[in-house]
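> The following block contains the structure, expressed as structure tokens.
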Amino acid sequence: GGLLVVGAGALRQDPLSGTGTAQALRTAILAAAVVDAAAAGTSASALCAHYAHRLRAAHLDHLATCLRLYAAAFGSAAWRDEIDATRRALRRAAAGTLPGRSDRAVAEPPQEPPPR
């Protein structure tokens, strides 16, 4: 639709992980590269696929970090559901399905944007 979202709009991170600010900056930098490559003539659909793929990869890495953090720091039963949900999401991702979209495989983008 002509918009790229960055920061929390693109990738919300668990505040306990301490990675929210870093991810906000990463999404802004990646979005700027996407805009720059689009202005240079790279296919918008390929760029959007690349952007979405990178966001999914960052989110999965974030989930793995949270799983390690939760399992080590929060041993109470109150956290068990959160830990189990995180494990399930990572298993679905490893099986090639998006969390919440078991009908769609996580596809690689057709091509990486050219380096600049």
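> Looking only at the range 62-73, count how many residues are surrounded by fewer than 16 Cβ atoms within 10 Å (Cβ to Cβ), within 15 Å of the chain's Cα centre (by Cα) and modelled with pLDDT under 85.
0
> Ok, one more. Before we move on, is Arg91 at pLDDT 85 or above, out of contact with any Pro (no Cβ under 6 Å at 6 or more places or on another chain) and loosely packed, with under 12 Cβ neighbours inside 10 Å? First the steps, then the outcome.
Details: at pLDDT 85 or above: yes; out of contact with any Pro (no Cβ under 6 Å at 6 or more places or on another chain): yes; loosely packed, with under 12 Cβ neighbours inside 10 Å: yes.
Considered against the rule, which asks whether it is at pLDDT 85 or above, out of contact with any Pro (no Cβ under 6 Å at 6 or more places or on another chain) and loosely packed, with under 12 Cβ neighbours inside 10 Å, Arg91 comes out as yes.
> If you take the residues in the range 94-111 that are surrounded by 15 or more Cβ atoms within 10 Å (Cβ to Cβ) and part of a loop (DSSP other than H, G, I, E, B), which one is modelled with the highest pLDDT? Spell out how you get there, then give the answer.
So in the range 94-111, the residues surrounded by 15 or more Cβ atoms within 10 Å (Cβ to Cβ) come out as 97-99, 106, 109.
Within this subset, residues satisfying the condition of being part of a loop (DSSP other than H, G, I, E, B) are 99, 106, 109.
Numbers: Pro99: 45, Val106: 36, Pro109: 36.
It comes out as Pro99.
> For the structure I just gave you, tell me whether Ala28 is modelled with pLDDT of 85 or more and touching a Gly at 6+ places or on another chain (Cβ under 9 Å).
Values: modelled with pLDDT of 85 or more: yes; touching a Gly at 6+ places or on another chain (Cβ under 9 Å): yes.
Considered against the rule, which asks whether it is modelled with pLDDT of 85 or more and touching a Gly at 6+ places or on another chain (Cβ under 9 Å), Ala28 comes out as yes.
The values are calculated or read from the model by the stated rules, or taken from the named source; none is laboratory data. Computed from a predicted model, the values in this text were never measured in an experiment. No Cβ is skipped: glycine too gets one built from the backbone with ideal geometry, and neighbour counts run over all protein chains shown.
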